[in-house]
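The values are calculated or read from the model by the stated rules, or taken from the named source; none is laboratory data. Given the structure is predicted, the values throughout are model-derived calculations rather than measurements. Here Cβ is always computed from backbone atoms with ideal geometry, including for glycine, and neighbour counts include all displayed protein chains.
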Amino acid sequence: MSYPGLSPVGIGGIGGSGTRVIADFIRFMGYYIGDELSDALDNLWFTLLFKRRLVLGEDLNTLSTLFEIFRTRMQRVSKFSEDQCYLIQQLAVDERPQHTAQSLTEWAASLLEEGKPLDGGQPWGWKEPNTHVVIDRLLEIVPQLRYLHVIRDPFYLAHSQNQNQLETWGALYLDREVSIGPRDAVSYSCAVHRRIADLVERWPDQVMLVDYDDLCRSPITAGSRISRFLNAPSPPSVLLEFAKTIRPPPSTKAVETVDFDDFDPEDLAYIASLGYGTPRKG
């Protein structure tokens, strides 16, 4: 397969939003998404480098160094310098919330391996839900970067079993202590959505919102929109094969009967403004 000069693409969203489906789609399109992947297709090299609370305090020079490490491994074009090797190893020393030091060490060792160069300029991208936390600064460093942010009804996300982001970033996004539960999960979801919506306004050619439920209802239409955004032509055969993998989203009936009083009124108003339903009195 031959590839045009396609930009790298990142995929992010809140846990439970359906980012894995989008990662599958860009793989159907021929993108390389990494060798060290979780069961959910998270790129664990990106996790090692960027999923850290301290990353929010790092300057653009440091982030640029981290992304150059990531780009080098994803493109597999050269070996790392001694300084880069040292930095990678240091990032694996201390355990983090949800990640043991042993896991981080394994990912660092994998990152340091020299890979075979990508075939014929093959495009590359990654899926890591936490990408949204640093995407604004990555776009400043890499103007050609494209970002797909997967969204979903905040009431559904609030009842997902995956609340890792609320635990990791909730207090920083909401500027207060948080409780792991539907109310603060909805507030976190709204805070993230507001921020990404601002980025869409700022970088309309680099940032795209992808509604997971819309994609499930019309995968060929949604896939075509993503392809156009990435300037990556997708033959009908690719779209059809992708569509065959899509399953209808699970029912949200259980989350439509929760109590209004469980949520912040400002969050309810914002969710309604996005076109999602509001919960009924239980």
- [ ] All but one of (1) in contact with a helix residue (DSSP H, G or I) (Cβ under 7 Å, 6 or more places away or on another chain); (2) closer than 19 Å to Leu63 by Cα hold for Met74, so report the exception by its number.
- [x] (1)
- [ ] For the stretch 78-114, enumerate the residues that are among the aromatic types (Phe, Trp, Tyr) and either within 28 Å of Arg146 (Cα to Cα) or in a loop (DSSP other than H, G, I, E, B) (or both).
- [x] Phe80, Trp107
Open item on the list: Can you confirm whether Asn162 is in contact (Cβ under 8 Å) with a residue 24 or more places away in the chain and in a loop (DSSP other than H, G, I, E, B)?
Closed with: yes
Open item on the list: Restricting to the stretch 247-275, give me the number of residues that are surrounded by 10 or more Cβ atoms within 10 Å (Cβ to Cβ) and modelled with pLDDT of 85 or more.
Closed with: 10
Open item on the list: For the structure I just gave you, tell me whether Ile11 is buried (at least 16 other Cβ atoms within 10 Å of the Cβ), of a type outside the set (D, E, K, R), out of contact with any helix residue (DSSP H, G or I) (no Cβ under 6 Å at 6 or more places or on another chain) and touching a residue at least 12 places away in the same chain (Cβ under 8 Å).
Closed with: no
TODO: Mind counting the residues in the stretch 67-80 that are over 17 Å from the mean Cα position of the chain (by Cα) and modelled with pLDDT of 95 or more?
DONE: 2
Task: Within the stretch 1-42, considering residues that are under 21 Å from Ser227 (Cα atoms) and polar (S, T, N, Q), the one farthest from the chain's Cα centre (by Cα) - done: Ser2
- [ ] Looking for whichever is over 30 Å from Arg73 (Cα atoms) and either under 16 Å from the mean Cα position of the chain (by Cα) or part of a helix (DSSP H, G or I) (or both) here; the options are Arg137, Arg194, Arg176. Which one fits?
- [x] Arg194
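Yes/no matrix, rows are residues, columns are (1) assigned to a helix (DSSP H, G or I); (2) aromatic (Phe, Trp, Tyr); (3) crowded, with 23+ Cβ neighbours inside 10 Å:
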{"residue": "Leu148", "(1), (2), (3)": "no, no, yes"}
{"residue": "Glu167", "(1), (2), (3)": "yes, no, no"}
{"residue": "Tyr188", "(1), (2), (3)": "yes, yes, yes"}
{"residue": "Met208", "(1), (2), (3)": "no, no, no"}
{"residue": "Ala222", "(1), (2), (3)": "yes, no, yes"}
- [ ] Could you check how many residues of the stretch 224-237 are crowded, with 18+ Cβ neighbours inside 10 Å, out of contact with any strand residue (DSSP E or B) (no Cβ under 8 Å at 6 or more places or on another chain) and not polar (S, T, N, Q)?
- [x] 1
- [ ] Considering every residue within the stretch 85-108, establish whether at least one is surrounded by fewer than 15 Cβ atoms within 10 Å (Cβ to Cβ), within 27 Å of Asp136 (Cβ to Cβ), out of contact with any helix residue (DSSP H, G or I) (no Cβ under 7 Å at 6 or more places or on another chain) and at pLDDT 95 or above.
- [x] yes
Task: Total residues in the stretch 32-77, condition surrounded by fewer than 19 Cβ atoms within 10 Å (Cβ to Cβ), assigned to a loop (DSSP other than H, G, I, E, B), in contact (Cβ under 8 Å) with a residue 12 or more places away in the chain and of a type in the set (D, E, K, R) - done: 2
Task: Residue ID - farthest from the chain's Cα centre (by Cα), chosen from residues in the stretch 81-105 that are touching a residue at least 24 places away in the same chain (Cβ under 8 Å) and more than 24 Å from Gln163 (Cβ to Cβ) - done: Cys85
